[in-house]
Amino acid sequence: MTNINTLLDKSNNYLQYCGNFTTQAQTWKGSLDCVSFDQESIKKAFLTTHKPCYILRTAGKIGVTNEGYLHPVDNTTSEQIELLIAVPPIHTQQLGDPNFTSFHGLKYAYTTGAMAGGIASEEMVIALGKEKLLGSFGAGGLSPERLEAAIKRIQEALPNGPYAFNLIHSPSEPAIERRAVDLYLKYGVRTLEASAFLDLTPNIVYYRAAGLSLNAANQIEIKNKVIAKISRREVATKFMQPAPAKMLKELVDQGLITELQASLAAKVAMADDITVEADSGGHTDNRPLVCLLPSMLALRDEIQAQFNYEKPIRIGVGGGIATPQSALAAFMMGAAYVVTGSINQSCIESGACQHTKQLLAQAEMADVMMAPAADMFEMGVKLQVLKRGTLFPQRAQKLFELYRNYDSIDDIPVPERQKIEKQIFRKSCAEVWQGTVDYLTQKNPEKLARANSNPKMKMALIFRWYLGLSSRWSNSGEKGREIDYQIWCGPAMGGFNDWVRGSYLSEVNNRRVVDVAQHLMIGAAFLYRIQNLKIQGLQIPDYYTQYVPNSSTLEV
């Protein structure tokens, strides 16, 4: 591009215009008194995204204003003020797909994902819901009694929503899924976030189909909404298609759904929304978002062409969303909505203990690693956790290596067994097994019977004792076990900490989940304006392009 305007005096000018995109059809009308030429006022004008932004040149200087109006050029007069660029207002509500916000009754296209064990707590979901933002309660790993209490509390606080509850895939214990689904149907939970699914199960199909009916206009009404969090095309394909006919027939035969519901289920996709999960905390395939999202969008388009759904499936993104830059990048790539996860753990409303929140607030992007997952330990499935301030990932990996190399606890060399008893378990393997026996006798006697005749399975259950408790210790703040805390976390946490450093959100006790949501969205809208101006030829110093969280910029 040809440089049309060179700074005459760098001490008095902050912006350069290097474009040749101006139109002669319009000019700006207004008072010069409202045009900003100083640094602070220019930044404030850029931040006022709910108003238009005009870039003007007069007397050799470039100024910015949100006031005035555009007017056709009068060729009979010479204009003293030259209009260089005009950009319209940009609201946070404009980011993403409006069909997503209207379908779920939301303020804008932003949700928080579930974090198991109640880390995504009732307090978090309620705080978001009161601001018309969607939060998903972290139901994974909770007892039916604890989940039922959460449902009652959230529904009492948010009788009209919005809220969602998580359904985590339990391939080795489908009864866990079924108990959660039964509760969701019993209490009329209308939005479910399905996560970690490797395939469709009768439980998720049951939930979906049981909420289908015909309205007065003979149109399919979807009462049970499903948001599926997925990172693999083969799994996404199944959620983008209607439920399998075989599963639907079995549900009809069991009297769980009607013939009509089975017929309607064959005409709608299993999910209304697909959250493309990139490099996230917890269960993750560590996929790069810039590759994964386009692939899923293309898959959605293929399936839409095949089934011609009345309401096409929307594709959102999660994993790595931690700054205005990452949120805007997702929207610009075509995401219908964004989902945050790791960063919400350090917020006041999180179910994590204070020590865990402090560790998260100190984390950098490289302070994470993969470790064996408790719920899919035998399958070798891993999840992403924080490694800073805890030895959990290294100790969990050691247990998995022992499981892989030996067929029973007794086969492990005595020195190795003594080491894990002293350093990791802090009790003997026999004591750990007895505690496991006591638990399974009450909760799952069939599984206990299988383990008693299968030494390899018994060893896995002993090791899972540690993996299961370590995440609970992190939530409850178990004293003396800090070094063993299992803290699910992705690199987004480090990106968030870098972004908020020096702002009021750098302090853990100031991190409110609604504040974080609003700053991410406001910042994304601000950066959209900045990029719009740059594309049209305005050279903007770095000072103007940074969105720093400030409580005074929050929307009301």
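The values are calculated or read from the model by the stated rules, or taken from the named source; none is laboratory data. Not measured: the values here are computed from a predicted model. Reconstructed Cβ throughout: ideal geometry from the backbone, glycine too, with neighbour counts over all protein chains shown. Protein only, heavy atoms only, side chains kept; ligands, DNA and RNA dropped before computing areas. Shrake-Rupley method; radii C 1.70, N 1.55, O 1.52, S 1.80 Å.
For residue 374, what charge total do you get from the other residues with a beta carbon under 14 Å from its beta carbon, if Lys and Arg give +1 and Asp and Glu give -1?
Charge balance near residue 374 sits at 0.
Over all directions, the average projected area of the alpha-carbon convex hull for segment 341-486 comes to how many nm²?
Average of the hull's projected areas for segment 341-486 equals 9.2 nm².
With the dipole of the chain worked out from charges on the C-beta (+1 for Lys and Arg, -1 for Asp and Glu) around the Cα centre, which of 170, 56, 121 lies farthest toward the positive end?
170
Given the options 500, 297, 363, identify the residue whose Cα lies farthest towards the positive end of the charge dipole of the chain (+1 on Cβ of Lys, Arg; -1 on Cβ of Asp, Glu).
Working it through, the farthest residue towards the positive pole turns out to be 363.
What are the residues whose amide H is under 5 Å from the amide H of residue 241, where those residues sit 5 or more places off or on another chain and H is modelled from the backbone?
270
Going by Cα centres, segment 438-466 and segment 414-434 are how many Å apart?
16 Å
Under a point-charge model restricted to the Cβ atoms of Lys and Arg (+1) and Asp and Glu (-1), what is the dipole moment magnitude of the chain relative to its Cα centre, in debye to the nearest 20?
660 debye
Determine, from the Cβ-Cβ distance of residue 552 and residue 221 and an R0 of 35 Å, the FRET efficiency 1/(1 + (r/R0)^6), rounded to the nearest 0.05.
For R0 = 35 Å, the calculated efficiency reads 0.20.
Can you list the residues, at least 5 places off or on another chain, whose amide H is less than 5 Å from the amide H of residue 283, using H built in the peptide plane?
Here the answer is 384, since their amide H atoms fall under 5 Å of that of residue 283.
Working out 0.36 nm times the residue gap between residue 509 and residue 250, then minus their Cα-Cα distance, what length gain in nm do you get to one decimal?
88.2 nm
Work out, step by step, the length gained on full extension between residue 545 and residue 258: first 0.36 nm times the residue separation, then minus their alpha carbon distance; give nm to one decimal.
97.7 nm
For segment 254-269, just list the computed ³J(HN,Hα) in residue order, Karplus coefficients 6.51, -1.76 and 1.60, θ = phi - 60°, integers in Hz, with x standing in for Gly and Pro.
So the J values, rounded to whole Hz, are 7, x, 8, 10, 8, 4, 4, 5, 5, 5, 5, 5, 6, 10, 10, 6.
Please give the direction-averaged projected area of the C-alpha convex hull for the chain, in square nanometres with one decimal.
30.8 nm²
Wrap a convex hull around the Cα atoms of segment 413-556, take a quarter of its surface area, and give that in square nanometres.
The number I arrive at for segment 413-556 is 15.2 nm².
Would you mind calculating the gained length between residue 145 and residue 407 on full extension (0.36 nm times residue separation, minus the Cα-Cα distance), in nm to one decimal?
Extra length available between residue 145 and residue 407 comes to 90.7 nm.
Suppose every K and R has +1 on its Cβ and every D and E has -1 on its Cβ; what is the size of the dipole of segment 160-276 about the Cα centre, in Debye to the nearest 20?
120 debye
Measuring from centroid to centroid over Cα atoms, what is the spacing of segment 36-56 and segment 354-383 in Å?
After rounding, the separation between the Cα centres reads 42 Å.
Which of rounded, prolate or oblate describes segment 87-240 when judged by the alpha-carbon gyration tensor and an a/c cut-off of 1.5?
Cα axes put segment 87-240 in the rounded bin.
Which loop GluC sites (Glu not before Pro) in segment 449-534, with loop taken from DSSP, have no more than 13 other Cβ atoms within 10 angstrom of their Cβ?
The qualifying sites are 507.
Kindly work out what percent of the DSSP beta bridges joining two residues of the chain are antiparallel, to the nearest 5.
That works out to approximately 50 percent antiparallel.
Okay, helix-only estimate at 222 nm for the chain: each DSSP H run of n ≥ 4 adds -39500 (n - 2.57), divide by all residues, round to 500 deg cm²/dmol; what do you get?
Counting only the DSSP helices, I get -12000 deg cm²/dmol.
When the accessible area of the chain is computed with all protein chains present and a 1.4 Å probe, what percentage of it is carbon and sulfur?
50 percent
Using modelled backbone amide H atoms (1.01 Å from N, in-plane), which distant-in-sequence or interchain residues come within less than 5 Å of residue 512's amide H?
Residues meeting the amide H criterion: 348.
Using a probe radius of 1.4 Å on heavy atoms only, what accessible surface per residue do you get for the chain? Whole Å² is fine.
43 Å²
Find which of 260, 149, 535 sits farthest along the positive direction of the dipole of the chain, computed with +1 on the beta-carbon of Lys and Arg, -1 on that of Asp and Glu, about the Cα centre.
149
Placing one identical point scatterer on every Cα of segment 505-556 and ignoring solvent, what is log10 I(q)/I(0) from the Debye formula at q = 0.16, 0.20, 0.24, 0.28 Å⁻¹?
For the requested q values the scattering log ratios are -0.53, -0.73, -0.91, -1.08.
Under a Cβ-Cβ cut-off of 13 Å, what is the net charge of the residues other than residue 419 that fall near it, where Lys and Arg count +1 and Asp and Glu count -1?
Within the 13 Å Cβ shell, the charges total +2.
What does the charge add up to near residue 198, with Lys and Arg as +1, Asp and Glu as -1, over the other residues with Cβ less than 15 Å from its Cβ?
With Lys, Arg at +1 and Asp, Glu at -1, the neighbours total -3.
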